[in-house]
Amino acid sequence: MTETRRAAARETRLMNMRTRKALGCAGLLIYLAAYVGLAVAVGATHAVNWPPWAQFLFYAVAGVIWIAPLKPLFEWMNRSE
């Protein structure tokens, strides 16, 4: 393979990775907006009637668990072809 073809193939891979990262970032922002909206809605409607320890537990879990579904997205975004 000539050097020009290698450079073109490398550029194509980089473009694909850039596209994946751009789409992944857009998906991440959409997911986070929806997740935060849902967590706030549940917290504002239901958690206000809970005892303080349950509210703390709810917000602690809601503040950490959002990352779990994103592992496949990050793996897809960083996958090399």
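Rule-based calculations on the coordinates, nothing more; no lab input. Computed from a prediction, not measured in an experiment: that's the story for all the values here.
Relative to the current alpha-carbon distance between Leu73 and Ala33, full extension at 0.36 nm per residue lengthens the span by 12.8 nm. Length gained on full extension, Cys25 to Thr45: 4.2 nm, using 0.36 nm per residue less the C-alpha separation.
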